[in-house]
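Structure record follows, encoded as structure tokens.
Laboratory data are not the source of any read-out in this text; all were calculated from the coordinates shown. What you see is a predicted model; the values in this text were computed from it and never measured. Note that we place each Cβ from the backbone using ideal geometry, even for glycine, and neighbour counts take in every protein chain shown.
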Amino acid sequence: MKNLSNKVILITGATKGIGAAIARNCIEEGAQVMITGLEEDLAKSLCTELGSQSSYQVGNLADSSFCTDVIQYTFDKFGKLDGLVNNAALIQRDTLDQFQPETFLEVMKVNVLAPLLLIKAATPFLENTRGSIVNIGSTNALCGEENQVSYSASKAALVNVTQTVANYFSLQRKGIRVNHLNVGWVLTEAEIERKVADGFPPGWQNNLPESDIPFGRMILPEDIAHQVVFWLSDKSFPATGAIVTVSQNPYKKKTRTSLG
Ligand SMILES: NC(=O)c1ccc[n+]([C@@H]2O[C@H](COP(=O)([O-])OP(=O)(O)OC[C@H]3O[C@@H](n4cnc5c(N)ncnc54)[C@H](O)[C@@H]3O)[C@@H](O)[C@H]2O)c1
């Protein structure tokens, strides 16, 4: 028996990076998946790869109506909902000098408000299946990062969303679990580009100092996907409200110039 047999899982931000790896692993583990994201071409080609057990909806999570609609689309397509992975995020760069209230609010909309709206809309469906939610956070929630003021604040807020909603579901006997992964540095295509934009030399990912990769390589999207499958699956029952750090150097102080 596979870990997610007959389960229907909705994954946000699954057109690429960590979300796409989660979608692949959910399919391998027997689930049906609804993937969402901004890029229609990527969504389409991932669903072609994943086959008939997958479907996609493209939309912007800054649009509140998309957050509620996508839950209904998933139910209409697959007939139930067992899991929700809040993975999508606006990974904004801003130092205090660059900080703008409008940008901050946009980041909070996608990274905090959207997960809350998705959870609210999914609640009646997840109650029926005694479902599981996994929120994807960041180690930035724990220590911040000087060029990611808005993003780090949003990820800190998301931790509290997990705790509050987990408490609520337990007190209300909803039977829904909510767990949280504070993810460390993960090698995705977008992360390679983001670091080059930050000033890292092209190919930086092949020349990292040991202090950044004490276990010999960066964390890969597949590593996170394995953890997500565990928290979605009955193997993690009945744990809820867990805030798990998934990092290979969780106590390292974050600086922009950690390379070299
Ligand atoms: N890559 C890392 O090093 C790292 C580290 C810590 C935490 N994380 C977290 O992991 C998650 C995935 O990161 P990633 O590196 O795979 O990202 P990525 O940039 O590769 O992919 C982001 C995904 O989110 C979607 N998305 C972004 N903005 C959206 C919006 N407004 N509406 C709808 N969808 C939107 C994109 O379409 C895409 O599918 C995020 O929550 C991120 O904060 C990543």
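Kindly establish whether residue 83 is in contact with a Gly (Cβ under 6 Å, 6 or more places away or on another chain) and closer than 24 Å to residue 234 by Cα. Before the answer, list the steps.
Details: in contact with a Gly (Cβ under 6 Å, 6 or more places away or on another chain): yes; closer than 24 Å to residue 234 by Cα: yes.
It is true that residue 83 is in contact with a Gly (Cβ under 6 Å, 6 or more places away or on another chain) and closer than 24 Å to residue 234 by Cα.
For the condition more than 15 Å from the ligand (Cβ to nearest atom) and out of contact with any strand residue (DSSP E or B) (no Cβ under 6 Å at 6 or more places or on another chain), what is the one hit in 142, 117, 187, 126? Even if it seems obvious, please write down each step before you answer.
Numbers: 142 fails: more than 15 Å from the ligand (Cβ to nearest atom); 117 fails: more than 15 Å from the ligand (Cβ to nearest atom); 187 fails: more than 15 Å from the ligand (Cβ to nearest atom).
Result: 126 is the single residue among 142, 117, 187, 126 that is more than 15 Å from the ligand (Cβ to nearest atom) and out of contact with any strand residue (DSSP E or B) (no Cβ under 6 Å at 6 or more places or on another chain).
Considering only helices (runs of 4 or more DSSP H) fully contained in the range 136-238, which possess at least 3 residues that are under 28 Å from residue 83 (Cβ atoms) and hydroxyl-bearing (Ser, Thr, Tyr)?
Numbers: elements: 140-143, 149-171, 189-198, 221-232.
Once the helices (runs of 4 or more DSSP H) in the range 136-238 are filtered for at least 3 residues that are under 28 Å from residue 83 (Cβ atoms) and hydroxyl-bearing (Ser, Thr, Tyr), what remains is 149-171.
Of all residues in the range 72-96, which are in contact with a strand residue (DSSP E or B) (Cβ under 9 Å, 6 or more places away or on another chain), away from the ligand (no atom under 12 Å from the Cβ), free of Cβ contacts under 8 Å to residues at least 60 places away in the same chain and over 15 Å from residue 122 (Cα atoms)? So that I can check it myself, show each step before the final result.
The initial filter retains those residues of the range 72-96 that are in contact with a strand residue (DSSP E or B) (Cβ under 9 Å, 6 or more places away or on another chain), namely 73-75, 77-89, 91-95.
Right, trim to away from the ligand (no atom under 12 Å from the Cβ) and you get 73-75, 77-84, 93-95.
Keeping just the survivors that are free of Cβ contacts under 8 Å to residues at least 60 places away in the same chain gives 73, 75, 77, 94-95.
Answer for the range 72-96, where residues must be in contact with a strand residue (DSSP E or B) (Cβ under 9 Å, 6 or more places away or on another chain), away from the ligand (no atom under 12 Å from the Cβ), free of Cβ contacts under 8 Å to residues at least 60 places away in the same chain and over 15 Å from residue 122 (Cα atoms): 94, 95.
When the range 1-28 is examined, which residues are found to be over 21 Å from residue 75 (Cβ atoms) and more than 10 Å from the ligand (Cβ to nearest atom)?
Of everything in the range 1-28, those that are over 21 Å from residue 75 (Cβ atoms) and more than 10 Å from the ligand (Cβ to nearest atom) turn out to be 1, 2, 3, 24, 25, 28.
Restricted to the range 1-22, and to residues that are in a loop (DSSP other than H, G, I, E, B) and touching a helix residue (DSSP H, G or I) at 6+ places or on another chain (Cβ under 6 Å), which residue is nearest to residue 119 (Cα to Cα)?
Here is the first cut: in the range 1-22, the residues in a loop (DSSP other than H, G, I, E, B) are 1-7, 12-16.
Checking the rest, the ones that are also touching a helix residue (DSSP H, G or I) at 6+ places or on another chain (Cβ under 6 Å) come to 3-4, 13-16.
Values: 3: 22, 4: 20, 13: 15, 14: 17, 15: 20, 16: 22 Å.
Applying the filter and picking the extreme gives 13.
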